[in-house]
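Here the structure comes first, spelled out in structure tokens, and everything after it is commentary.
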Amino acid sequence: MAAPDTRPSAPETAAGDPATAEPLPYRRLYRSPRGRILGGVAHGLAVHLGLPVAWVRIAFILLFFTEGIGALLYAAFWVVVPLGIGEPAPGSADRWVYTRGGFVRAGAGDGGGEISKGASGRAGRLRELVQRSFHGETDRDPAAEPGAVGASGASAAGAGDTKRGGGLGQLFALLALVIGLMALLSALGIQTAKPYVWPLLAVGVGVALVWRQADDSRWQRWFGLEDGSRKSRAYLRIGAGVLLVLVGIVVFFILQGHASPLALVIESIVAVLAGCLVLVGPYALRLWQDLGDERTARIRAQERAEIAAHVHDSVLHTLTLIQRRAEDPKEVLRLARAQERELRLWLYRPEAVAEAAPDTLAERIRSVVAEVEDRHGVPVELVCVGDCPMDEKISAQMQAAREAMVNAAKYGGGGPVQVYAEVEGRTVSVFVRDHGPGFDPDDLPEDRMGVRESIIGRMRRNGGTAKVRPAPDGGTEVELEMERADD
Amino acid sequence: MTESGVETAAEPGRTARVVLVDDHRMFRTGVRAEIGRTETTGIDVVGEADDVESAVQVVAETRPDVVLLDVHLPGGGGVEVLRRSAPLMGESGGVRFLALSVSDAAEDVIGVIRGGARGYVTKTITGTDLVNAIFRIADGDAVFSPRLAGFVLDAFAATDTPPVDEDLDRLTQREREVLRLIARGYAYKEIAKQLFISVKTVESHVSAVLRKLQLSNRHELTRWAAARRLV
């Protein structure tokens, strides 16, 4: 009896430790794409810190008035923090959800419901108004925030009414907001003290417009919301942003008293830019094309590997069976027909395959076991511990497991094949074991595609691991491990 | 298991007295033919029964070492036999029951284990394995089929809330490991090899699991089975 820690890396070393089985969810800061006004920074921060959004927004606004630090901070967060794909799902614990009249903690469910109602009531209504007038979710300039709350809505709410319509309406709204803000700032006496506030503000607004657009386009690329009208509006927004920045810079220079050499500076900048474009342009274009080509090739290769694996699993196996039972025309016919049906379904109606498939792991693996048992006439004993909903990765794992079972049934000496599936936390492991002569995966010839592509390759492509090893007393064991996809 | 034949199971000179309880005569005959060759397997089949009444009677009369008990029997099933034979299941030297069933449904497995059976194997078991299992049971150890190991793991995994008595209710890391290997289809000998422990240690782990199952985990198992609408 050796000490437990001297044994080789048995597959169970890490498994089953109750302390590590369910690690604490690691919370990362994301900008929130849902319910955002500008970049989603405040919302994301609020979710991350477990605070009401309104508090975070007010903090930013207050900071803005101290030499504009708030705006700088906001911009920094915007640039650094990624847009939240992995943010907590709606309804999960510690998430503050805006409902009419207050922020409510969803999931946690205790008495935190009405916190900050007073603070958020007015701002919430305002926000709603602004968002509705921007078709649910479009852009808004950074100045809107201080304007909205600071001037108790006088200018911003008025602007909100004029903001209906497409891109033009938005520009007008923007202008109205800027004017409102000007009024506010001059009322506060900032104007006289710092004459360059205007151009800086214009630059800020322009930058925010362009960034927001870049953000939105990323968001839309992920979720396929792109369409023509949105595109033209996007160009309009980018154009307006760039124009604002340029105007801001020019005015800034004029106000600083460097107006006279300005023309010269602009001229030289344009010249340098043109030179750069001529020199680097072809390379950049080439690089861009190469990148696209490379990406297409990679996708194609992956697709090809998946198809090869599927054909191997279904068609090739059926052909082998047909060869073996060549003297039994009825059986051959049955096999061929079943295979044809399956292949047709897979090729032409992939969504039907997905629909027909059971939606939990235990059901799916049970049907796979039944199918292998039926087709190969070898008993397959299944033990399934735990259960979880199916996702794409687990689906791939089931295909690999099926292939492992088929191999075990074909080469496992006819004895029972033992399959053990376990869901532990986010990890799904499947063990397929036979009592056959066993084989060494290292001796596998290059052209044997079953183990290499259908099992190991498929698991690797989908982010899992597969191990094939001899069992202690003869036979082979295949271990498939996969993390469940995020839901 | 190795393919060296049924006789490997018996230590020289060692015998076990066995009663077969099953309502299918064909099956009893088959099992008797497979394991009942006393001179090679060391197993002496001293009685047979085909329903609850006769089973209780035969067991009381013959006082065998091990009863091979079918789960589904006319007259109340294996659980009823276990209930009525409870006085005979003493700590040492008493009658021990090994459930042998074609069914590996959870409610059957849980029912007979809670009733006091020391092990559960399915009818797909080979003769060699069955002989081994009988001697293990006779020695006071527990025998788990992969399926049963899976049920136990599932039942313990499904109860995340810390139980009242941690020591009794929780499976240790090692016990879990052993169960997981059983569920993966490893024989006790293979488990011993894999974990670098002796077969005796494997057996004691398995017995410990069974003890925990019977003594303290009834409520958890019941809850687990109820949650799956099994009982």
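The values are calculated or read from the model by the stated rules, or taken from the named source; none is laboratory data. On a predicted model such as this, the values are computed, not experimentally measured, just so you know. Please note: Cβ atoms are built from the backbone with ideal geometry, for glycine as well, and neighbour counts cover all protein chains shown. Ligands, DNA and RNA are stripped out before the accessible areas are found, and what is left, the full protein with its side chains, is counted by its heavy atoms. Shrake-Rupley method; radii C 1.70, N 1.55, O 1.52, S 1.80 Å.
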Above-threshold pairs, the threshold being 32 Å between Cα atoms, out of A:K330/A:K467; B:K123/B:K193; A:K393/B:K212; A:K330/A:K393; A:K410/B:K193; A:K410/B:K200:
A:K330/A:K467; A:K393/B:K212; A:K330/A:K393; A:K410/B:K200
Just how much of B:K200 is accessible, in Å², when a 1.4 Å probe is used and the result is rounded to the nearest 10?
130 Å²
Expected output is a single nm value to one decimal: the length gained when fully extending between A:T360 and A:R461, i.e. 0.36 nm times separation in residues minus the C-alpha distance. What is it?
34.2 nm
Once each part is reduced to its C-alpha centroid, what is the distance from the range A:281-314 to the range A:389-427 in angstrom?
29 Å
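Just checking the output field for A:382-388: average partner chain Cβ neighbours within 10 Å of each residue's Cβ?
Working: counts 4, 15, 4, 13, 5, 1, 0.
Mean shielding by partner chains, rounded to a whole number: 6.
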Largest first, what is the accessible-area ranking of A:W55, A:W346, A:W288 with a 1.4 Å probe?
A:W288, A:W55, A:W346
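Which whole number gives the average, over all residues in B:186-198, of C-beta atoms from other chains lying within 10 Å of the residue C-beta? Present the calculation step by step, with values, prior to reporting the outcome.
Details: counts 8, 4, 0, 2, 6, 1, 2, 3, 8, 7, 8, 4, 1.
Counting other chains' Cβ atoms within 10 Å and averaging over B:186-198 gives 4.
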Can you give the average number of partner chain beta-carbon atoms within 10 Å of each beta-carbon in peptide A:313-324, as a whole number?
0
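How would A:C276, A:C388 rank on accessible area, largest to smallest, probe 1.4 Å? Display every interim value, and only then the final one.
On the way: A:C276 70, A:C388 5 Å².
Order by accessible area, largest first: A:C276, A:C388.
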For B:L179, what accessible area in Å² do you get when you roll a 1.4 Å probe over the heavy atoms of the protein chains, rounding to the nearest 10?
0 Å²
Rolling a 1.4 angstrom probe over the protein chains, ignoring ligands and nucleic acids, what is the accessible area of B:F196 in square angstrom, nearest 10?
90 Å²
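Keeping every protein chain in place, order A:E373, B:E53 by accessible area at 1.4 Å, biggest value first, i.e. largest first. Display every interim value, and only then the final one.
On the way: A:E373 65, B:E53 110 Å².
Highest to lowest solvent-accessible surface, that is B:E53, A:E373.
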